[in-house]
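This report refers to the structure that appears directly beneath it.
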Amino acid sequence: MAPCLVGIYDCLRAWFNPASISHAPWNKKKLDVHEYYYQVFLQKSTPIEVKADTSGKQAIVVGGGLAGVSAANTILENGGKVLLLDKSAFCGGNSTKATSGINGAATKTQKAKGIDDSVALFTSDTLKGGAKKPELVKVLCGNSGADVDWLVDKFALDLSLVARLGGHSAPRTHRGKERFPGMTITYALIQMVEKIAEHSKGRKARIITKAKAHTLKMDGSTCLGLVYSKGGTDYTELGPVILCSGGFGADFTQDSLLGMYRPDLMHLPTTNGDHCTGDGIKMGEAIGAKSVDLEWVQVHPTGLVKPDDPDAKIKFLAAEALRGVGGLVLDANGKRFANELGRRDYVTGEMWKNKPPFRLCLNKAAADEIHWHCKHYTGRGVMKFYQSGEALADDMGVSLSVLEKTHEEHYQSAKKTEKDPDGGSFPAYPSGKSWDAASGKTGSGKKFYHNFISGSAVKTEPFYVAIITPVIHYCMGGLEVDVNSLVVNAEGKAISGLYAAGEVAGGIHGNNRLGGNSLLDCVVFGRVAGRHAAEQMLGADIKDTSLAALSGA
């Protein structure tokens with residue numbers, strides 16, 4: 001394993017366009033920088049060949065995104081063995097694309113910053129945000145602080161910045177100072193499994209890519225293992241199975257789960273990679289597992305439109321943190337029409353009622369707070385820098401006075417809220433009253449303000465601006481799980497030896513997922529599944545094991 005991988009990656013990112021390395025002299029084919037980094041630095045040039053394990057004394061994780069590698073690392077630190085399968089040429093999945101951060105209540109970072117938050121408040125926000133199963137929300141929110149701290153402590157991750165996203169009553173979405181948090185977190189956990197696989201010569205961990213799991217092996221109501229195909233050949237592996245294979249938000253075939261449950265969304269673009277085809281859900285349903293909430297597909301309001309390719313089916317996502325730091329959403333006429341920090345389904349719904357193109361606008365203070373993101377988006381050609389509000393108004397084809405009025409009204413609402421936070425004539429989201437007329441008229445008035453400016457400042461204020469559109473983003477539905485992350489059957493009974501974590505698992509978020517809860521879901525339920533699987537495999541032999549020691553550090 002080459003040393004200082006993140007540093008090398010940063011050099012590559014600085015040298016190449018942050019969107020891709022398509023103009024690298026040795027490669028004329030466009031290759032996502034995530035994939036390049038993984039292939040060059042994380043994949044072994046000489047794979048470790050180890051015979052299939054049919055002892056049942058290993059856990060099999062399907063999917064190398066954050067849920068999968070959280071489960072794998074947890075199995076290892078409890079003394080177990082793990083096999084990680086991914087059908088793509090590299091691990092990471094959609095997790096590496098997550099741009100806003102990971103939620104956690106009562107974390108060490110929050111305490112250091114004096115942020116007043118609690119598991120109870122986070123639980124309340126998540127239930128208000130759309131979740132319907134309190135027992136699962138209790139696990140998600142209750143484990144959040146310890147699991148975010150686990151990432152920082154065990155993997156030396158920087159999660160020192162905290163923002164408030166839509167639907168949250170306190171700043172609790174953690175990210176680092178640079179790079180996208182999903183990429184940073186997921187790659188750190190992939191690296192650990194890679195190092196352990198290498199150091200143990202495959203005896204503790206194995207990773208097999210380009211391996212498509214397709215059949216679960218059952219003995220009555222117990223899952224014994226699975227069959228996967230690689231290079232045209234089927235292989236059988238035995239052990240408890242943890243499905244972490246993602247959702248179905250990129251399957252636009254007519255017989256897809258998306259086509260079956262949400263044909264009305266088939267025309268929309270998506271933020272999902274083409275690997276998101278619902279494989280794990282279909283495998284589970286084939287052996288009698290219960291699926292739930294498949295009709296609940298989240299349409300995110302801020303997919304980024306590239307002006308020279310506006311109809312691209314796959315779009316990059318504008319981090320919700322851009323709105324958390326103070327970004328405003330404007331319609332074609334330069335006016336606000338919604339609470340930027342409302343639920344994602346709410347903001348999308350208000351966009352349908354108003355006139356596109358829509359723009360996400362960040363003033364200087366807001367952009368400075370999330371500068372790496374703005375530079376990255378600008379490099380990708382999906383965000384534009386304007387030297388002044390006057391230049392922005394000219395490009396939009398609206399009068400400068402319109403933008404000044406829009407910002408002044410927002411500024412006055414913010415100042416009134418500072419003076420009287422419980423006042424206002426409009427209902428606020430998530431609770432209380434709001435002074436903001438633009439969003440208040442929708443029934444979900446704005447309550448929290450950050451980095452706001454007066455109308456008089458607009459003319460000379462620099463802005464970062466992106467054109468945005470609604471995009472298919474996340475599938476709330478999937479295989480139903482219990483509090484141990486075990487998949488249940490049609491009668492609601494747990495299927496022994498079969499787990500699901502991440503987007504493949506349904507019922508955790510209900511009909512709408514709050515921003516920052518996706519990465520958290522992956523870590524929390526990946527770890528819950530990993531721990532429970534280790535207990536099933538090892539019984540009294542389960543033991544605390546140092547990941548650093550296993551990796552040879």
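Going residue by residue through region 441-464, is there one that turns out to be free of Cβ contacts under 8 Å to residues at least 40 places away in the same chain and outside the structural domain of VAL139 (by TED's automatic domain parsing)?
Taking every residue of region 441-464 in turn, at least one turns out to be free of Cβ contacts under 8 Å to residues at least 40 places away in the same chain and outside the structural domain of VAL139 (by TED's automatic domain parsing).
Taking ASP309 as meeting all but one of (1) touching a residue at least 12 places away in the same chain (Cβ under 8 Å); (2) within 30 Å of ALA365 (Cα to Cα), write down the number of the exception.
Answer for ASP309: the failing condition is (1).
List the pairs whose first member sits in region 183-203 and is closer than 17 Å to VAL61 by Cα and in contact (Cβ under 8 Å) with a residue 24 or more places away in the chain, whose second member is surrounded by 23 or more Cβ atoms within 10 Å (Cβ to Cβ) and of a type in the set (S, T, N, Q), and whose Cβ atoms are under 8 Å apart, counting only residues at least 6 apart or on separate chains?
Here the result reads THR186/SER95; THR186/THR96; TYR187/THR96; LEU189/SER70; LEU189/ASN73; MET192/ASN73; VAL193/ASN73, each pair linking region 183-203 to a residue that is surrounded by 23 or more Cβ atoms within 10 Å (Cβ to Cβ) and of a type in the set (S, T, N, Q).
Given the conditions (1) within 18 Å of ALA106 (Cβ to Cβ); (2) more than 16 Å from the chain's Cα centre (by Cα), which single one is not true for PRO134?
Status for PRO134: all satisfied but (1).
Kindly indicate which of LYS204, LYS154, LYS212 is surrounded by fewer than 18 Cβ atoms within 10 Å (Cβ to Cβ), in contact with a Lys or Arg (Cβ under 8 Å, 6 or more places away or on another chain), farther than 27 Å from LYS446 by Cα and at pLDDT 95 or above.
Residue meeting the stated conditions: LYS212.
Among the residues of region 284-318 satisfying the criterion of being assigned to a helix (DSSP H, G or I) and surrounded by fewer than 24 Cβ atoms within 10 Å (Cβ to Cβ), which is nearest to the chain's Cα centre (by Cα)?
That would be GLU285.
Please identify the pairs in which a residue from region 489-500 that is assigned by TED's automatic domain parsing to the domain that holds ILE287 and free of Cβ contacts under 8 Å to residues at least 60 places away in the same chain has its Cβ atom under 6 Å from the Cβ atom of a residue that is buried (at least 16 other Cβ atoms within 10 Å of the Cβ) and outside any strand (DSSP E or B), counting only partners at least 6 apart or on another chain.
ALA494/ASP482
Okay, residues lined up against (1) outside any helix (DSSP H, G or I); (2) not basic (Lys, Arg):
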{"residue": "VAL471", "(1), (2)": "yes, yes"}
{"residue": "GLY492", "(1), (2)": "yes, yes"}
{"residue": "LEU498", "(1), (2)": "yes, yes"}
{"residue": "ARG513", "(1), (2)": "yes, no"}
{"residue": "VAL523", "(1), (2)": "no, yes"}
{"residue": "MET537", "(1), (2)": "no, yes"}
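Here are some conditions: (1) in a strand (DSSP E or B); (2) at pLDDT below 50. LEU83 meets all but one. Which one does it not meet?
Only one criterion in (1) in a strand (DSSP E or B); (2) at pLDDT below 50 is unmet by LEU83, namely (2).
Can you work out which of the residues in region 475-524 that are among the hydrophobic types (A, V, I, L, M, F, W, C) and out of contact with any strand residue (DSSP E or B) (no Cβ under 9 Å at 6 or more places or on another chain) is surrounded by the most Cβ atoms within 10 Å (Cβ to Cβ)?
Only one residue tops the list, namely VAL524.
Which of the following residues is among the β-branched types (Val, Ile, Thr), farther than 21 Å from HIS373 by Cβ and either out of contact with any Phe, Trp or Tyr (no Cβ under 8 Å at 6 or more places or on another chain) or surrounded by 21 or more Cβ atoms within 10 Å (Cβ to Cβ) (or both): THR99, THR126, THR109?
Testing whether each residue is among the β-branched types (Val, Ile, Thr), farther than 21 Å from HIS373 by Cβ and either out of contact with any Phe, Trp or Tyr (no Cβ under 8 Å at 6 or more places or on another chain) or surrounded by 21 or more Cβ atoms within 10 Å (Cβ to Cβ) (or both) leaves just THR126.
Only residues in region 230-241 that are under 12 Å from ALA213 (Cα atoms) count as the first member; pair them with residues that are surrounded by 11 or more Cβ atoms within 10 Å (Cβ to Cβ) and of a type in the set (Ser, Thr, Tyr), Cβ under 8 angstrom, at least 6 apart or cross-chain, and list the lot.
Hits for this filter: ASP234/TYR228; TYR235/TYR228; TYR235/SER229; THR236/THR54; GLU237/THR54; GLU237/TYR228; VAL241/TYR499.
Look at ALA250 and say whether it is among the hydrophobic types (A, V, I, L, M, F, W, C), in a loop (DSSP other than H, G, I, E, B) and either touching a Phe, Trp or Tyr at 6+ places or on another chain (Cβ under 7 Å) or in the same structural domain as LYS87 (by TED's automatic domain parsing) (or both).
yes
All but one of (1) touching a Ser or Thr at 6+ places or on another chain (Cβ under 6 Å); (2) crowded, with 23+ Cβ neighbours inside 10 Å; (3) of a type outside the set (A, V, I, L, M, F, W, C) hold for ASP279; state the number of the condition that does not hold.
Here ASP279 clears every test but (2).
Just a yes or no: is a residue in region 364-386 touching a Ser or Thr at 6+ places or on another chain (Cβ under 9 Å) and within 28 Å of LYS441 (Cα to Cα)?
no
From the set of residues in region 98-126 that are without any contact (Cβ under 8 Å) to a residue 40 or more places away in the chain and in a helix (DSSP H, G or I), which is farthest from ALA428 (Cα to Cα)?
ALA112
Taking the condition of being assigned to a loop (DSSP other than H, G, I, E, B) and surrounded by 19 or more Cβ atoms within 10 Å (Cβ to Cβ), how many residues in region 436-448 meet it?
Of the residues in region 436-448, 6 are assigned to a loop (DSSP other than H, G, I, E, B) and surrounded by 19 or more Cβ atoms within 10 Å (Cβ to Cβ).
Determine, yes or no, whether ALA286 is among the aliphatic types (A, V, I, L, M), at pLDDT below 95 and in contact with a strand residue (DSSP E or B) (Cβ under 8 Å, 6 or more places away or on another chain).
No; evaluated as a whole, the condition is false for this residue.
So ARG179 fits all but one of (1) under 30 Å from GLY231 (Cα atoms); (2) within 16 Å of the chain's Cα centre (by Cα); (3) assigned to a loop (DSSP other than H, G, I, E, B); what number is the exception?
(1)
Name the single residue, out of those in region 422-435 being farther than 15 Å from VAL347 by Cα and out of contact with any Pro (no Cβ under 8 Å at 6 or more places or on another chain), that is surrounded by the most Cβ atoms within 10 Å (Cβ to Cβ).
TRP435
Inspect region 172-179 for any residue being under 25 Å from LYS375 (Cβ atoms), surrounded by fewer than 19 Cβ atoms within 10 Å (Cβ to Cβ), of a type in the set (S, T, N, Q) and outside the structural domain of LYS447 (by TED's automatic domain parsing) and give the result as yes or no.
No, there is no match, as no residue in region 172-179 is under 25 Å from LYS375 (Cβ atoms), surrounded by fewer than 19 Cβ atoms within 10 Å (Cβ to Cβ), of a type in the set (S, T, N, Q) and outside the structural domain of LYS447 (by TED's automatic domain parsing).
The values are calculated or read from the model by the stated rules, or taken from the named source; none is laboratory data. The shown structure was predicted, so the numbers you read here are calculated from the model rather than taken from an experiment. Backbone-built Cβ (ideal geometry, glycine too); neighbour counts: all protein chains shown.
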